[in-house]
Amino acid sequence: MKNLVIIPAYNEEENIEKTIENLKAKTTLFDYIVINDCSTDHTRQICERNHYPHINLPINLGIGGAVQTGYLYAWEKGYDTAVQVDGDGQHDPAFLETMLNTLQREHASMVIGSRFIRKEGFQSSFTRRLGIRYFTWLIHLLTGKTITDPTSGLRLVNRDVIGLFARHYPKDYPEPESAVCVLHRKKKIVEIPVIMRERTGGVSSISPGNSIYYMIKVSLAILIEWIRH
């Protein structure tokens, strides 16, 4: 099987080198591609200096556009699976091979790494945990399925979902909405316990100031996705 790690990166000069070197040290089963989302820091120069495979976007597309670029690349290059690993170093690539084995064993379309099954490692802030529980409730209400960590970006998908996401992927804060998209197509999602790390540098795209916008926007997007199907 051909397996790809998609690494979206916007202004991750403090983290990107550590993220990739850690990935290379933890698994040999995955290729990788960095999607440099028009960073204004030295992310591009670090990738070029280290000869990391990367795509430089000419404008900033946001997390959804950057990740979709990775899915387009995976689709066109014939990859069987693709997994998102964020460029901030929070996702531990030590879990990737377990996720791959789970995808095959469970005949799943998506495997999500959840920090809330065993509640180990970095658990996010109290406010964000409340938001995550809300999205768990909303997704269960609409689909009947329980996803304990619907905002987790550590997600491995099969070839069918790569094609789906290459054609259609949410623009902003895409994780909960795209999970609903998969569930509504009667595809199987499985979660496994993982340990995530706290960001060591850079700035998160979800600040306290835009948390309300995030909740409203994602809720509306999930409802629209549900209505469409």
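The values are calculated or read from the model by the stated rules, or taken from the named source; none is laboratory data. The structure displayed is predicted, hence computed values, not measured ones. So basically every Cβ, Gly included, is an ideal-geometry build from the backbone, and we count neighbours across all protein chains shown. Quick note on the areas: whole protein, heavy atoms, side chains included, nothing else; ligands and nucleic acids left out. Shrake-Rupley method; radii C 1.70, N 1.55, O 1.52, S 1.80 Å.
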Review point. Considering only the other residues whose Cβ falls under 13 Å of the Cβ of ARG129, what net charge follows from Lys and Arg at +1 and Asp and Glu at -1?
Key: +3
Review point. Given springs between every Cα pair under 10 Å in a Gaussian network model of the chain, which of ASN11, ASN36, ASN22 has the largest fluctuation?
Key: ASN22
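Which value, in debye to the nearest 20, describes the size of the charge dipole of the chain about its Cα centre when Lys and Arg Cβ atoms bear +1, Asp and Glu Cβ atoms bear -1, and nothing else is charged? Can you show the working numbers first?
Working: 27 positive and 25 negative charges, 169 e Å.
Here the chain has a charge dipole of around 820 debye.
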Study note, to complete from the structure: Expected max-MSF residue from GLY65, GLY144, GLY153 in the GNM of the chain (alpha carbon, under 10 Å) is GLY144
Check your understanding: According to a simple spin-label model (label point 7 Å from Cα along Cα-to-Cβ), what is the distance in nm between LYS119 and ILE224?
Key -> 3.6 nm
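Given a 1.4 angstrom probe, I'd like the percentage of the accessible area of the stretch 1-156 that is carbon and sulfur, rounded to a whole number.
Within the stretch 1-156, the accessible surface is 51 percent carbon and sulfur.
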Point to revise | Shape metrics for the stretch 1-149, restricted to C-alpha atoms - Rg then Dmax, Å | key: 16.2, 48
Check your understanding: Summing -39500 (n - 2.57) over the DSSP H runs of n ≥ 4 in the chain and dividing by its residue number, what mean residue ellipticity at 222 nm do you reach, to the nearest 500 deg cm²/dmol?
Key -> -13500 deg cm²/dmol
Review point. Are there any helices in the chain, counted as whole DSSP H runs, that stretch 24 Å or more along their axis by Cα and score at least 0.0 on average by Kyte-Doolittle, and if so which?
Key: 126-143, 211-228
Revision key, fill the gap. Checked the stretch 71-229 with the C-alpha gyration tensor, a ≥ b ≥ c its square-rooted eigenvalues, rounded below a/c of 1.5, otherwise prolate if a/b is larger than b/c and oblate if not; verdict rounded
Point to revise | Extreme residue, positive dipole direction of the chain, given options LEU220, TYR10, GLY121 (C-beta unit charges) | key: LEU220
Practice item. Please report, to two decimal places, log10 I(q)/I(0) for the stretch 1-49 at q = 0.17, 0.32 Å⁻¹ as given by the Debye formula with identical point scatterers on the Cα atoms and no solvent. Key: -0.49, -1.25
Point to revise | Built amide H within the under 5 Å cut-off of SER114, gap 5+ | key: ILE192, VAL194
**Study point:** Environment charge of LEU29, counting only residues whose C-beta is closer than 12 Å and scoring Lys/Arg +1, Asp/Glu -1
**Key:** 0
Exercise for review: Please name whichever of VAL67, SER39, PRO193 sits farthest to the positive end of the charge dipole of the chain, dipole taken about the Cα centre and charges placed at Cβ: Lys and Arg +1, Asp and Glu -1.
Suggested key: PRO193
**Study point:** When each of LYS2/LYS26; LYS119/LYS145; LYS77/LYS217; LYS24/LYS77; LYS2/LYS24; LYS26/LYS171 is checked by Cα-Cα distance, pairs over 22 Å
**Key:** LYS77/LYS217; LYS26/LYS171
Check your understanding: Taking the stretch 63-164, which chymotrypsin sites (Phe, Trp or Tyr not before Pro) meet the DSSP loop condition and have no more than 16 other C-beta atoms within 10 Å?
Key -> PHE122
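What is the magnitude of the charge dipole of the stretch 82-208 about its Cα centre, with +1 placed on the Cβ of each Lys and Arg, -1 on the Cβ of each Asp and Glu, and no other charges, expressed in debye to the nearest 20? If you can, show how the numbers build up before the last one.
Details: 18 positive and 13 negative charges, 79 e Å.
In debye, rounded to 20, the stretch 82-208 gives about 380.
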Practice item. Would you mind working out the magnitude of the charge dipole of the stretch 1-82 relative to its Cα centre, with +1 at each Lys and Arg C-beta and -1 at each Asp and Glu C-beta, to the nearest 20 Debye? Key: 240 debye
Review point. Hey, in the GNM for the chain with a 10 angstrom Cα cutoff, which one of ARG49, ARG118, ARG159 fluctuates hardest?
Key: ARG49
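Using a 1.4 angstrom probe with every protein chain in place, what is the largest-first accessible-area order of LYS186, LYS2?
Working: LYS186 180, LYS2 90 Å².
These residues rank, largest area first, as LYS186, LYS2.
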Check your understanding: Under a point spin-label approximation (7 Å from Cα along Cα-to-Cβ), what is the ASP160-ASN50 distance to one decimal in nm?
Key -> 3.6 nm
Check your understanding: Roughly how many Å² is the accessible area per residue of the stretch 69-214, as a whole number, for a 1.4 Å probe?
Key -> 45 Å²
